[in-house]
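A.B. asks: First the structure, then my questions, so here it is.
Quick note: the coordinates plus some simple rules give every number you see, no bench work behind them. Since the structure is predicted, the reported quantities are computational estimates derived from the model, not experimental observations. Cβ: placed from backbone, ideal geometry, glycine included. Neighbour counts: every protein chain shown.
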Amino acid sequence: MKIQQAKTNKDFTYVASLFNPKNNRYVWPKIQTAKQVKQNCSHTRHYYLLLVDKKPVGWFNIRLSDSKEATTGMIINRSFQGKGFGKQAMALIKKEAKKLGMKKLRLEVFVKNIPAINLYKKAVFKAA
């Protein structure tokens, strides 16, 4: 798995496709447009595609802070869930946050998203 920073309209369209109830019942807002996704990107909010064989399988973001503490969230496309991509993504997210100079990483997850919570615990994150 590799990561690529989301920069093109095609990238933003893919990310927006992940924000819908058919793909993930835990996301908020439920639906986003490519334009909204693009507007959310900034010098402190980085969006990335998760790629396998050069094809996107998911997305994550890293929101930076002056306190060197980053917040992240991720979505694996429903058709690719349960294949170990979330675990691989966690390692890449940690590496990217460190590369961006962050000392601490927080995760955002809905309390009812038990599969994600279990993944994060396996990746040695603590519930806050």
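A.B. asks: For the range 31-42, take each phi angle, set θ = phi - 60°, evaluate the Karplus expression 6.51 cos²θ - 1.76 cosθ + 1.60, and give the result in whole Hz per residue in order, putting x for glycine and proline.
C.D. replies: 10, 10, 8, 4, 5, 5, 4, 4, 5, 6, 6, 7
A.B. asks: Through the Karplus equation 6.51 cos²θ - 1.76 cosθ + 1.60, θ set to phi - 60°, convert the phi angles of the range 99-108 into ³J(HN,Hα) values in whole Hz; use x for Gly and Pro.
C.D. replies: These are the phi-based 3J(HN,Hα) values: 4, 7, x, 7, 9, 9, 10, 10, 10, 10 Hz.
A.B. asks: Here's another thing I want to ask about it. Amide H of Q4 versus every other amide H placed in the peptide plane: which residues, excluding those fewer than 5 positions away on the same chain, fall under 5 Å?
C.D. replies: So Q4 has HN proximity to L49, L51.
A.B. asks: To continue, here is another question. Using a ≥ b ≥ c from the Cα gyration tensor of the range 29-90 (square roots of the eigenvalues), is it rounded, prolate or oblate, where a/c under 1.5 gives rounded and otherwise the larger of a/b and b/c decides, a/b for prolate? Please list the in-between numbers first.
C.D. replies: Working: a/c = 2.13, a/b = 1.38, b/c = 1.54.
Oblate is the answer for the range 29-90, as a/c is 1.5 or above yet b/c matches or exceeds a/b.
A.B. asks: Could you grab the relative contact order for the chain? Cα pairs under 8 Å, six or more apart, rounded to a whole percent.
C.D. replies: Relative contact order comes out at 22 percent.
A.B. asks: Work out the charge dipole of the chain with +1 on the Cβ of Lys and Arg and -1 on the Cβ of Asp and Glu about the Cα centre, then indicate which of T71, C41, Q81 is farthest towards its positive end.
C.D. replies: Ranked along the dipole, the leading option is Q81.
A.B. asks: Once phi is turned into ³J(HN,Hα) by the Karplus curve 6.51 cos²θ - 1.76 cosθ + 1.60 with θ = phi - 60°, what whole-Hz value does each residue of the range 64-76 show in order, with x for glycine and proline?
C.D. replies: 8, 9, 5, 7, 6, 10, 9, 10, 9, x, 8, 9, 9
A.B. asks: Follow-up. How big is the Cα convex hull of the range 2-122 in projection, averaged over all directions, in nm²?
C.D. replies: Averaged projected area of the range 2-122's Cα convex hull equals 7.2 nm².
A.B. asks: Name the residues whose placed amide hydrogens come within less than 5 Å of the amide hydrogen of L105, ignoring near sequence neighbours (fewer than 5 apart) on the same chain.
C.D. replies: For L105, the qualifying residues are A70.
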